[in-house]
Amino acid sequence: MSREIYAELLAAMQARRPVVLATVTDSRRSVPRRPGSKMLVYSDGTTSGTIGGGEMEARVRAEAADALAEGRPRRISYGLIDPSAGDPGVCGGEVELYLEPHMPQSTVYVIGLGHVGKAVIELASWLGHRVVGWDDRAEIADGIDDSADGVDIVSGDLADAVARFPIDEQTRVVMVTRHTGIDVDLLPVLLASPAPYIGLMGSRRRWANTRGKLEAAGLSADQLDRVVSPIGVEIAAETPAEIAVSILAQVIGDERGNANR
């Protein structure tokens with residue numbers, strides 16, 4: 001059974017589906033499943049495999065949802081003796097479980113492949129992120145080295161690029177574009193995605209100008225409030241490499257739930 005569970009876990013990672021692997025690590029006396037029993041719990045609450053069924057399994061599903069939200073593993077234990085005292089069973093034993101969340105590899109989606117965009121791609125890849133880079137200029141995109149594992153460079157229409165490389169809940173978008181007109185054209189596409197972070201390089205004045213045009217085009221304040229601009233942590237960065245450090249520091253903070261915006 002473990003082989004099938006691990007194969008399904010690998011398939012979930014390849015499909016970029018967040019999932020928790022719940023494993024019975026220890027048991028005493030009478031319990032429904034023994035150590036080594038495993039179950040997968042997906043973000044929508046569906047499961048595969050079993051660690052005992054019943055009320056205990058329902059509680060494990062709830063704990064798994066919390067583990068996914070935090071992105072951290074946890075140990076839990078249950079006594080299966082007295083339901084009137086809150087126990088999830090009457091088997092007479094005790095069971096310990098380890099819940100291990102498996103999150104899709106985080107993606108940095110770089111929009112604009114000038115000097116800063118190139119630096120962000122190189123640093124994000126070095127940090128272990130999956131990277132997608134896009135530029136409307138095919139000649140610029142073609143000049144970017146995409147030989148590293150997990151780096152994809154695309155050009156053409158942005159909507160087509162997003163269809164090919166979807167933006168999901170594990171994707172942070174870094175916009176380092178060359179002028180406001182591009183931002184006005186692209187942000188509606190990006191804001192239609194579930195990206196938890198969309199950062200835009202530029203001054204506050206540039207963002208105010210861009211925001212005004214997008215509001216006039218019908219985008220709501222709630223939508224536009226998702227955009228972080230100016231992008232990055234303030235470190236008095238000047239060079240493209242330093243700016244990339246500033247940007248990726250903010251991206252990492254956002255991933256850890258401690259964003260400096």
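The values are calculated or read from the model by the stated rules, or taken from the named source; none is laboratory data. What you are looking at is a predicted structure, and each value in this text was computed from that prediction instead of being measured. Cβ placement follows ideal geometry from the backbone for every residue including glycine, while neighbour counts extend to all protein chains displayed. Heavy atoms of the whole protein, side chains included, go into the accessibility calculation; ligands, DNA and RNA do not. Shrake-Rupley method; radii C 1.70, N 1.55, O 1.52, S 1.80 Å.
Some notes on this structure:
- For the chain, calculated [θ]222 nm from helices alone, where every DSSP H run of n ≥ 4 adds -39500 (n - 2.57): -11500 deg cm²/dmol
- Computed from Cα atoms, the angle from the helix 54-70 axis to the main principal axis of the chain rounds to 20 degrees.
- For the set Val120, Val189, solvent exposure ranked by accessible area (probe 1.4 Å, protein chains only) runs largest to smallest as Val189, Val120.
- Averaging over all projection directions, the Cα-based convex hull of the chain occupies 16.6 nm² in the image plane.
- Take Tyr6: with every protein chain present and a 1.4 Å probe, its accessible area is about 110 Å².
- Label-to-label distance for Ala11 and Asp185 is 4.1 nm, based on points extended 7 Å past Cα in the beta-carbon direction.
- Solvent-accessible area per residue, Å², over the chain with all protein chains present [probe radius 1.4 Å]: 50 Å²
- Calculated FRET efficiency, Arg205 to Asp26, Cβ-Cβ distance, R0 = 45 Å: about 0.15 to the nearest 0.05.
- Projected label distance in nm at Ala62 and Ser48, using a 7 Å step from Cα toward the beta-carbon: 2.6 nm
- Shape category assigned to the range 143-261 from the gyration tensor of Cα positions, a/c cut at 1.5: rounded
- Put a plus charge on the Cβ of each Lys and Arg, a minus charge on the Cβ of each Asp and Glu, and nothing anywhere else: the dipole of the chain about its Cα centre is then about 440 debye.
- Ala236-Asp146 pseudo-label distance in nm [points 7 Å out on the Cα-to-Cβ vector]: 3.9 nm
- Share of carbon and sulfur in the accessible heavy-atom surface of the chain [1.4 Å probe, %]: 49 percent
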